[in-house]
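Working notes, beginning with the structure itself.
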């Protein structure tokens, strides 16, 4: 799937444990600049090569929240989908992401609670350095 893929209108009864969606994107210089303009975060580690290397990185690194932002679209449009609202989300950032990296996003249903229409999700981002981000999310289904 990509940015032009139409939403999948799942209702709670459509979902099953191990359902997943996967998307690959490349983090561009333009994405980093746009995120910085929106967030106001112009920390040197994201824009100054020398500073990033002095901090022990191989070069400038991408904002952590930029790398996880894609999950908003994946959860809201695909799994669980447009009839869901994010209830909670937690991320562990394991490896830095550099500009130009191709990332693979994986959302997997790990548990379903029929009584509350709660969907528990495993969230993962992999890139050039292996697993970059692991996370968990909970979404409530309205239908």
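Relative to the longest principal axis of the C-alpha atoms of the chain, give the angle of the C-alpha long axis of helix 29-39, reported between 0 and 90° and rounded to the nearest 10°.
Between the helix axis and the principal axis of the chain, the angle is about 70 degrees.
Can you tell me the order of 18-29, 80-91 when each peptide is scored by its average per-residue count of other Cβ atoms within 10 angstrom, highest first? Intermediate results must be reported in sequence, preceding the final value.
Details: 18-29: 14.4, 80-91: 17.1.
The packing order, highest mean first, is 80-91, 18-29.
By how many degrees, 0 to 90 and rounded to 10, does the Cα axis of helix 64-77 deviate from the longest principal axis of the chain?
20 degrees
Based on the mean of other Cβ atoms within 10 Å per residue, sort peptides 33-40, 62-69, 124-131 so the most packed one is first. It would help to have the intermediate numbers written out before the result.
Details: 33-40: 12.5, 62-69: 18.4, 124-131: 15.8.
Final packing ranking: 62-69, 124-131, 33-40.
Counting alpha carbon pairs within less than 8 Å and at least 6 residues apart, what relative contact order, in whole percent, applies to the stretch 9-66?
On the way: 29 pairs, mean separation 12.9, N = 58.
The normalised contact order for the stretch 9-66 reaches 22 percent.
Per q in 0.12, 0.13, 0.20, 0.24 Å⁻¹, report the Debye log10 I(q)/I(0) for the stretch 95-143, using one uniform scatterer on each alpha carbon and no solvent.
Reported log10 I(q)/I(0), two decimals: -0.35, -0.40, -0.67, -0.80.
Out of every Cα pair in the stretch 34-143, what percent are spaced more than 16 Å from each other? Numbers along the way, then the final one.
Working: 3684 of 5995 pairs.
Tail fraction, whole percent: 61.
When only Cα pairs under 8 Å and 6 or more residues apart are kept, what is the percent relative contact order across the stretch 92-132?
The normalised contact order for the stretch 92-132 reaches 47 percent.
Could you work out how far apart the two model spin labels at residue 34 and residue 134 are, taking each label as a point 7 Å from the Cα in the direction of the beta carbon, and quote it in nm?
So the two model labels end up 3.1 nm from each other.
Apply 1/(1 + (r/R0)^6) to the Cβ-Cβ distance of residue 143 and residue 122, taking R0 = 22 Å, and write down the FRET efficiency to the nearest 0.05. Intermediate values should be presented prior to the final figure.
Values: r = 23 Å, r/R0 = 1.04.
Efficiency for this residue pair is about 0.45.
Given the -39500 (n - 2.57) contribution per DSSP H run of 4+ residues, what per-residue ellipticity at 222 nm results for the chain, rounded to the nearest 500 deg cm²/dmol?
When only DSSP H runs of four or more count, the value is -7000 deg cm²/dmol.
Per residue, how much space in cubic angstrom lies within the convex hull of the C-alpha atoms of the stretch 1-40? Let's see the in-between values first.
Numbers: hull volume 5.2 nm³, N = 40.
Per residue, the Cα convex hull of the stretch 1-40 comes to 129 Å³.
With no solvent and one point per C-alpha, what does the Debye sum give as log10 I(q)/I(0) for the stretch 1-73 at q = 0.11 Å⁻¹?
-0.43
Bear in mind these aren't lab numbers, they're just calculated from the coordinates by the rules spelled out. Keep in mind that this is a model prediction, so the values were computed, not measured. Heads up, the Cβs are rebuilt from the backbone with ideal geometry, glycines too, and the neighbour counts pull from every protein chain shown.
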